[in-house]
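A short write-up of the structure that comes next.
Please treat every number below as a calculation from the coordinates, not as lab data. The structure displayed is predicted, hence computed values, not measured ones. Here Cβ is always computed from backbone atoms with ideal geometry, including for glycine, and neighbour counts include all displayed protein chains.
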Amino acid sequence: MQPKLQDPSLLKLNVGFINDEWVPARSGKTFEVHDPATRFLVGTCPEFTKAETNEAILAARDAFSKFHLQTGRQRSRILRRWYDEVMANADDLAILITWENGKPLNDAKAEIAYAAGFLEWFSEEAARIYGDTIQGSNPTHRMITYKEPIGVCGLITPWNFPAAMITRKVAPALAAGCTVVCKAPGETPFTALALMELACRAGLPPGVLNMITALDNTIEIGHMLTTSPLIDKVSFTGSTNVGKILMKQSSYTLKKLSMELGGNAPFIVFEDADFDAAIAGAIIAKFRSSGQTCVCANRIYVQAGMYERFVKAFTEKVKSFKVGNGFDAATTHGPLVQARAVEKVDSHVRDAVKKGGKITVGGHGLSLGPAFYAPTVIRDMTADMDIAREETFGPVAGIFSFTTEEEVVKLANNTSIFRVAESLKIGMVGVNTGVISDPASPFGGVKESGFGREGSKYGLAEFQVIKTVTFGGMGKTLKI
Ligand code: SIN
């Protein structure tokens, strides 16, 4: 049985939103979106091309000329109304997420609260954009700076948080006064389109936000967004490999970029940790969204004295998971987004086993459907295994043992947690917590996990440029 929405008009079939209009693809082409749990068709969406993307860019460029003149307070009110719309329609949005992404309904509801949080946070930031006054080196000069919106933004969002990754990018862009062409993920476009509808209801001016859908044409649309001289900024969340391609393409027009790419987060448990909190933290950090987040713990390092006890309790906890259709109330963990994702997860498991890892639970697909994989724990992990180096993006926890802190962070033998947090070369550290995502907090990676920050005041700065105005002849030069 297909899920029902209280407001069926939120399910936008065969249309995207370009230049203030719901439009189909000019070619008439569509692509199918399937429920990953049942494989049933959720609906079809337009397969837009470069041509329609260009129309969206032109609309956003045109809209920018007026939108950037709005006051921060005006933009703030729009974002706040959008937040209210999202909260009022939270149940329907959660249904759409579970339907096309597969995550359990309760997790989808939590995602909506998280997604709405970015609208709320940036509605508050929009009215509080400050420049500086600076004393120049020349005594007759006065300098002031303005934080100006960068312009038209091309935002490319992923399927793992179909709502939150849209609002995390769009809300700061609008708060800054930018206009947007957003490429919704091919796997989860309906949540994006429903958010678009709610933005219209909130009174977003024409052309300010455009929502493009595509599956097969994703590469050509990405190319258009990264090469068009009318786009000033690109923000992408996705794999490191694709991020590198987009960065190269963007270099010809020297666009400002934010890249939120693949992760390989370590989770470190010291012998003196609160045992129950460590288990709970590791479970949430590893198995949130069935392991499909860029901040999921990919490598769990447990100090030797606690290793056996940790593996046993962690395994028992994983055995208690109820894997199934996200709409079943008992389900704690849903499917992966598609059957293809299962292949990579299974190859990581097979590689670990071949190199000496021992499975304590799971390690196989499930008869529930081709996108299901049993939550898996592997002990006796070693550094030569694929899981140690590559993001698994699935429900597999590899547990490594370590003896000393030097081994785990390559530092002197000092168990100060600040020292560990400060010495890890990563973008975000959770101390005594497996939950680090918050609209108020700067989210992002380092090295091949990308650059730029989302959320917080730093997320807003990504969509701004600083203009310096220097006034000459403003004072007397004193001879002392
Ligand atoms: C991501 O996986 O890209 C986002 C995860 C989060 O916001 O917690």
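What to note about this one:
- Amide hydrogen neighbours beyond the local backbone of G16, cut-off 5 Å, H modeled: V23
- Maximal additional length on extending the V465-L41 stretch stands at 148.3 nm, based on 0.36 nm per residue less the C-alpha distance.
- Look at where the Cα atoms of segment 431-471 and of segment 147-174 average out, and the two centres are 12 Å apart.
- FRET efficiency, 1/(1 + (r/R0)^6) with R0 25 Å, evaluated for I436 and Q6 via beta carbons: 0.15
- Semi-axes of the equivalent ellipsoid for the chain, Cα gyration tensor, largest first, Å: 39, 31, 19
- Sites M87 and R309 - FRET efficiency at Förster radius 35 Å, r taken between beta-carbons, to 0.05: 0.25
- The label-point distance for D132 and L13, in a model that sets each label 7 Å from Cα toward Cβ, rounds to 5.6 nm.
- Charge dipole (debye, nearest 20) of segment 176-264; +1 at Cβ of Lys and Arg, -1 at Cβ of Asp and Glu: 300 debye
- Residues W82, W159, W22 arranged by fewest to most Cβ contacts within 10 Å: W22, W159, W82
- Burial ordering of R453, R75, fewest other beta-carbon atoms within 10 Å first: R453, R75
- Across segment 150-158, rounded Karplus estimates of 3J(HN,Hα) from the backbone phi angles (6.51 cos²θ - 1.76 cosθ + 1.60, θ = phi - 60°) give 5, x, 8, 10, x, 10, 10, 10, x Hz, Gly and Pro being marked x.
- FRET efficiency, 1/(1 + (r/R0)^6) with R0 60 Å, evaluated for A113 and H364 via beta carbons: 0.95
- Antiparallel content of DSSP bridges confined to the chain, in %, to 5: 45 percent
- Mean residue ellipticity (222 nm) of the chain, computed from DSSP H runs ≥ 4 via -39,500 (n - 2.57), nearest 500: -12000 deg cm²/dmol
- Inter-centroid distance (Cα atoms) of segment 280-297 relative to segment 358-403, Å: 12 Å
- Gain in span if fully extended, E21 to R389, counting 0.36 nm per residue against the direct Cα distance: 127.9 nm
- Neighbour counts of other Cβ atoms within 10 Å put E390, E197, E308 in the fewest-to-most order E308, E390, E197.
- If the chain linking D328 and S347 were pulled fully straight, counting 0.36 nm for each residue of separation and taking away their Cα-Cα distance, it would gain 4.0 nm.
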